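Below is one structure; the comments refer to it alone.
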Amino acid sequence: MKIGIIGAGTIGASLAEKLVRAGYKVEISNSRGPDSLQNLVAQLGPNAAAVTNEEAACNEVVILAVRWENTDQVLTPLRQQLTGKIIIDTTNPFIQNKWLFTLPKGVAASEIIASKVPGARIVKAFNNLLAKWITTDPEVPGGLRVTFISGDDEQAKSIVGKIITDLKFAPIDLGTLKDGELSQAGRALAGINLIQLNE
Ligand SMILES: NC(=O)c1ccc[n+]([C@@H]2O[C@H](COP(=O)([O-])OP(=O)(O)OC[C@H]3O[C@@H](n4cnc5c(N)ncnc54)[C@H](OP(=O)(O)O)[C@@H]3O)[C@@H](O)[C@H]2O)c1
C-alpha cells in the first residue's frame, strides 16, 4: 500500500521512515517542493518518493503532518481531490509554542480540520504523542506505545488502526472526532506516554 504524507518535518519524516520499514510505500511533500526532499527520500530508500501536495493527495490514505497554521493553505486547494480519501490528522491546535486554549471546550480540533475538507474521511491519530515518542521505537519492553484514534467513519478508522498496528503502535479508539478532543493538545489525554502491556 502507498501512503501520501503532506509535511516532511519531525512527524512526517518519522512516520515515513516507520512506514517504509513496515513495508509501505510513501509519497511525501513539503512546502518547498520535491527537490528539497531528495536527501530525505534517498535515506528512506526506493519505497519513498518526493512529490507535490497534489500528488501526495492522490493516495487513498494521506497523512496530514503540517503545523496548525498551515492547514488552510494545504487543504483548501486539495478540497475536491481529497473527497473520499482517508486523512490521518496528526495536527494539534498549537501555534508558536503556545497551546491554543482559545478553542472553546467542546470543539474538537479534528472537526475543524474536517470542516476544511468536508468530503474527506478524517481519522485523528499520533497527535497525543510528543515528537520524541513518535520518532523512537514504539515497541518497548513489555508492550507497545499507545496512540489514540478517533473518527466518524468506522471503516476508515479500521484501515488506519491496521496501519498503526503495522507500525507497532497500539491504537486505542476514543470514538468519534468529537470524542477525539480528549487527545488534543491541552486536553486530558494529550502528552501521555501510555504503554499497552502485552499481558
Ligand atoms: N512535534 C511534535 O511534538 C508533535 C507531536 C504530535 C503532533 N504534532 C503535530 O504534527 C504536525 C507537524 O508537526 P512537526 O513537528 O512535524 O512540524 P515541523 O517539523 O515544523 O514540520 C512541518 C512540515 O510541514 C511542511 N509544510 C508547511 N507548509 C506546507 C505546505 N503549504 N505544503 C506542504 N507542506 C507544508 C513543512 O515544509 P517546509 O519545511 O518545506 O516548510 C514541514 O515539512 C503539527 O500539526 C503538530 O502540532 C507535533
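The values are calculated or read from the model by the stated rules, or taken from the named source; none is laboratory data. What you are looking at is a predicted structure, and each value in this text was computed from that prediction instead of being measured. As a convention, Cβ positions derive from the backbone with ideal geometry for all residues, glycine included, and neighbour counts pool all protein chains shown. For accessibility, only protein heavy atoms count, side chains too; no ligands or nucleic acids. Shrake-Rupley method; radii C 1.70, N 1.55, O 1.52, S 1.80 Å.
Treating the beta-carbon of each Lys and Arg as +1 and of each Asp and Glu as -1, no other charges, what is the dipole magnitude of region 2-197 about its Cα centre, to the nearest 20 debye? Mind showing how you got there, number by number?
Numbers: 20 positive and 19 negative charges, 56 e Å.
Its charge dipole is roughly 260 debye.
Here the Karplus relation 6.51 cos²θ - 1.76 cosθ + 1.60, evaluated at θ = phi - 60°, turns the backbone of region 11-17 into coupling constants of 7, x, 5, 5, 5, 4, 5 Hz, with x for every Gly and Pro. Evaluating 6.51 cos²θ - 1.76 cosθ + 1.60 at θ = phi - 60° for every residue in region 117-128, the Karplus couplings come out as 9, x, x, 8, 9, 8, 10, 7, 7, 6, 5, 6 Hz, glycine and proline recorded as x.
How long are the semi-axes of the ellipsoid equivalent to region 87-171, from square roots of 5 times the Cα gyration tensor eigenvalues, in whole Å, largest first? Before the final figure, lay out each step's value.
Working: eigenvalues 110, 67, 17 Å².
Taking √(5λ) for each Cα gyration eigenvalue gives 23, 18, 9 Å.
Its Cα centre serving as origin, region 1-115 has a Cβ charge dipole (Lys and Arg +1, Asp and Glu -1) of approximately 240 debye. For THR147, the residues whose modelled amide H falls within less than 5 Å of its own, excluding neighbours fewer than 5 places apart on the same chain, are ALA170, ILE172.
Close amide H pairs (under 5 Å, H built 1.01 Å from N) link GLU27 with ILE3, GLY4, ILE5, ALA49, residues at least 5 positions away or on another chain.
Just want to confirm a number: the relative contact order over the chain, from Cα pairs under 8 angstrom separated by 6+ residues, in percent.
On the way: 414 pairs, mean separation 37.2, N = 199.
That works out to 19 percent.
Looking at the chain, the accessible area is 47 square angstrom per residue; that uses a 1.4 Å probe and ignores ligands, DNA and RNA.
Kindly provide the helix-only [θ] at 222 nm of the chain, computed as the sum of -39,500 (n - 2.57) over DSSP H runs of four or more divided by all residues, to the nearest 500 deg cm²/dmol? Let's see the in-between values first.
Numbers: 7 runs with 54 residues, N = 199.
Dividing the helical sum by the residues of the chain leaves -7000 deg cm²/dmol.
Across every pair of non-identical alpha carbons in the chain, the mean reciprocal distance, once inverted, gives a Kirkwood radius of 16.6 Å.
Backbone amide hydrogens, once placed in the peptide plane, bring ILE122 within less than 5 Å of ILE87, ASP152, excluding anything fewer than 5 places away on its chain. For region 85-199, the share of accessible area belonging to carbon and sulfur comes to 57 percent (1.4 Å probe, ligands and nucleic acids excluded).
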